[in-house]
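Just below is one structure, and these are the notes that go with it.
The values are calculated or read from the model by the stated rules, or taken from the named source; none is laboratory data. The structure presented is a predicted model; accordingly, all values stated were derived computationally and were not measured. Cβ: placed from backbone, ideal geometry, glycine included. Neighbour counts: every protein chain shown.
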Amino acid sequence: MKRAILKICLFLISTILFWGCPSTPPKAEKETARKPELTIQVATINLGQFTKRIERKQITELARAIKREQVEILAVQGIARYPGVATRVDFVNELTGQTDWRNVFGEMLNISGRQTGNAIFSSYPILSHHNETFDDVKSSNYDAALQVTVDAGVRSLVVISAQLPSKATAEEQVRCMKLIAALNPDEKNPLTIVTGNLPSSESVLASTAFSEIPLLESARHSDSKVWYSTNSGLQLLSSRNVETELGSLVIVHLGMFRPK
């Protein structure tokens, strides 16, 4: 009996060795991280709280910081201009001359020779622009959002420089942000960056389709924040800030991707 069992066992072992053990399925290759087709550096600064007269040397310092940090698009809020006043340096013209960039200025108020507004400077071609005022917001005092569409090569990008009403309620802030979100004219390419004195309320942010870029501790006092559209086409890579005589220059490094 024992011999019979031994023969059966030997037969089974030889059969298994003959046919071979089933091969182990190959391990699935790790999915490689997507690489952006383009990375872009966008900066913003708010001059609204700068109460002193802006001198040429301060604009020169800002231009040097922009070049050193390899900024490609700059959004500025709270600019004051004095057209026709020879003793005043024009911020928009001077910075444009020192960077050789394209620019768009969105006027908010023009009274007694003093013009205020927002601007966007770009090393990329500008395809279109629009200045949206917050006329339907009760607390608005000639505040506005300047929208510019730039041709970034692989895709177009909407950049917004906004000055929201300083005394707006949470409900009014939501309304302002909805007006800003509607400034992107291309629903198929919803890549938008919003800069300015944006709301700090989490509830307001949650009511939008944007994500807020967290600022470093040293830049949290800045009057200019950065939000960007939440989708697979735009991804935050890093953020930093550089202190200048005109205020804190907030810089974000973003990756642009084609839709999945």
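Figures for the structure shown
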{"read-out": "Unmet requirement for GLN98, which otherwise passes all of (1) touching a helix residue (DSSP H, G or I) at 6+ places or on another chain (Cβ under 8 Å); (2) farther than 21 Å from ILE59 by Cα; (3) free of Cβ contacts under 8 Å to residues at least 60 places away in the same chain; (4) not aromatic (Phe, Trp, Tyr)", "value": "(2)"}
{"read-out": "Check on ASN118, under 18 Å from VAL194 (Cβ atoms) and either touching a residue at least 60 places away in the same chain (Cβ under 8 Å) or assigned to a helix (DSSP H, G or I) (or both)", "value": "yes"}
{"read-out": "In the range 107-121, residue modelled with the highest pLDDT [restricted to those that are over 22 Å from the mean Cα position of the chain (by Cα) and among the aliphatic types (A, V, I, L, M)]", "value": "MET108"}
{"read-out": "Residue match in the range 134-145 (condition: part of a helix (DSSP H, G or I), more than 17 Å from the chain's Cα centre (by Cα), charged (D, E, K, R) and surrounded by 18 or more Cβ atoms within 10 Å (Cβ to Cβ))", "value": "no"}
{"read-out": "Top-ranked residue of the range 161-211 - restricted to ones that are part of a helix (DSSP H, G or I) and among the polar types (S, T, N, Q), ranked as farthest from GLN235 (Cα to Cα)", "value": "GLN173"}
{"read-out": "Among the candidates THR149, THR192, residue that is under 17 Å from the mean Cα position of the chain (by Cα) and closer than 20 Å to GLU107 by Cα", "value": "THR149"}
{"read-out": "Of all residues making up the range 80-106, the number that are assigned to a strand (DSSP E or B) and under 22 Å from the mean Cα position of the chain (by Cα)", "value": "5"}
{"read-out": "Conditions (1) outside any strand (DSSP E or B); (2) at pLDDT below 95; (3) within 17 Å of the chain's Cα centre (by Cα): number failed by TYR124", "value": "(2)"}
{"read-out": "Among residues of the range 226-252, those that are among the small types (Gly, Ala, Ser), under 13 Å from the mean Cα position of the chain (by Cα) and part of a strand (DSSP E or B), counted", "value": "3"}
{"read-out": "Residue check for ILE45: touching a strand residue (DSSP E or B) at 6+ places or on another chain (Cβ under 9 Å), surrounded by 18 or more Cβ atoms within 10 Å (Cβ to Cβ) and more than 24 Å from TYR228 (Cβ to Cβ)", "value": "no"}
{"read-out": "Flag for VAL204 being more than 27 Å from ASN103 (Cα to Cα), β-branched (Val, Ile, Thr) and modelled with pLDDT under 90", "value": "yes"}
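The rows are residues; the columns are (1) part of a loop (DSSP other than H, G, I, E, B); (2) at pLDDT 95 or above; (3) more than 23 Å from ASN141 (Cβ to Cβ).
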residue: LEU6; (1), (2), (3): no, no, yes
residue: LEU17; (1), (2), (3): no, no, yes
residue: PRO25; (1), (2), (3): yes, no, yes
residue: GLN49; (1), (2), (3): yes, no, no
residue: ILE66; (1), (2), (3): no, yes, yes
residue: VAL76; (1), (2), (3): no, yes, no
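Here is a yes/no grid of residues against (1) within 18 Å of LYS52 (Cα to Cα); (2) crowded, with 18+ Cβ neighbours inside 10 Å; (3) acidic (Asp, Glu):
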{"residue": "GLY78", "(1), (2), (3)": "yes, yes, no"}
{"residue": "ARG88", "(1), (2), (3)": "yes, no, no"}
{"residue": "GLU94", "(1), (2), (3)": "yes, yes, yes"}
{"residue": "PHE105", "(1), (2), (3)": "no, yes, no"}
{"residue": "GLY113", "(1), (2), (3)": "yes, no, no"}
{"residue": "ALA119", "(1), (2), (3)": "no, yes, no"}
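Residue by residue, here is whether (1) without any contact (Cβ under 8 Å) to a residue 60 or more places away in the chain; (2) exposed (fewer than 13 other Cβ atoms within 10 Å of the Cβ) holds:
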| site | (1), (2) |
| --- | --- |
| ILE160 | no, no |
| LYS178 | yes, yes |
| ASN184 | yes, no |
| ASN189 | yes, no |
| SER201 | yes, yes |
